[in-house]
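A.B. asks: Here it is, the structure in full.
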Amino acid sequence: MVSALMKHEALRTTPMLGACLGIATLVVVLACGLTRLSIPGLPQFAALLAVAVSAGIPVVINIVMAIDFWRTGWGRQGYFTHSIPARGSTILAARILWSVSVVVLSVLCALIAVIFTLWVCGPVFQGDGPSFEMVLTRFLGSMHQIMPWWQWVIAFGLVLFVVWFHLLGFYFPATIGSGPRWASLGSSGPIVVWAITYLLVNLTLVASVALPFGLDYAPGGWRLRIIDATWNFSERNFPAGIILAMVVITVVFLVWMSRSWNRRISLR
């Protein structure tokens, strides 16, 4: 059932996602083309625009997915969604898994777009420094010296998790803010819950810095260490408690959302 629902999600959202990626691609290509014009200030502006649009692809995709999640869950299309002969948690699971796939796609597209932009716009950013091709070659050649391959895999996975966590931060208030308890606020319910959730999540992440363990970087890779809170603010260190806090928050959000989809649906 989950795979069938994911297929439905893919068929429904692909045109919307394709349009977003198509517009982003068009803007990036046009901006890169403008860097070839000899108009004072225009190449620099166009190059920065191309980089910003490329890096912003996951953010825009997350916002579009969040709006679609609310519209098809509690808007006019919500009646069709909840008429599917499956438990609410099953429908939610399919949507969550599809959102993970979308995040992976958006991050990969952003990475490709950024590399393309830096390659095409290299002369604009280069100045007196080395060319982008030289910098990229040096980086690829020294990757194993920076940290082992399995840490690169984990780092990329953490990037995907952080981007998806940002999307979950929209899904959760859309679900809880559309429940019976917030029904009197109408469409403002998800916004109010989002504001409350945003504040509490950030306070939790800040507090997690005090957890007594973190990641210490040394030539060759990262190491997990037991430390004190002051150590977390020194150079080349990362407070790993933030990752743990995000994982715990994710579990809480998913369990709460699953319960809401099973018992507390209030359509607009």
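The values are calculated or read from the model by the stated rules, or taken from the named source; none is laboratory data. This is a predicted model, so every value here is computed, not measured. These area figures cover heavy atoms from the full protein model, side chains too; ligands, DNA and RNA do not enter into them. Shrake-Rupley method; radii C 1.70, N 1.55, O 1.52, S 1.80 Å.
A.B. asks: So, taking all protein chains as they sit and a 1.4 Å probe, how much accessible area belongs to Phe139, in Å² rounded to tens?
C.D. replies: 80 Å²
A.B. asks: Cα axis of helix 42-55 to longest principal axis of the chain: angle in degrees, 0 to 90, nearest 10?
C.D. replies: 40 degrees
A.B. asks: How much accessible area does Val64 have with a 1.4 Å probe, in Å² rounded to the nearest 10?
C.D. replies: Near enough 30 Å² of accessible area.
A.B. asks: For the chain, modelled as a Gaussian network with Cα springs under 10 Å, which listed residue fluctuates most, Phe45, Phe116, Phe69?
C.D. replies: Looking only at Phe45, Phe116, Phe69, the largest GNM fluctuation is found for Phe45.
A.B. asks: Just reorder Met6, Met257 by solvent-accessible area, largest first, 1.4 Å probe, all chains present.
C.D. replies: So the residues, ranked largest to smallest area, are Met6, Met257.
A.B. asks: Between rounded, prolate and oblate, where does the chain land on the alpha carbon gyration tensor, with a ≥ b ≥ c its root eigenvalues, rounded for a/c under 1.5, else prolate if a/b exceeds b/c?
C.D. replies: In terms of gyration-tensor shape, oblate.
A.B. asks: What ranking of Leu254, Leu140 comes out by heavy-atom accessible area, probe 1.4 Å, highest first?
C.D. replies: The residues order as Leu140, Leu254, largest area first.
A.B. asks: Using heavy-atom solvent-accessible surface (probe 1.4 Å) with all chains present, what is the largest-first order of Arg12, Arg181, Arg223?
C.D. replies: In descending accessible area the options line up as Arg181, Arg223, Arg12.
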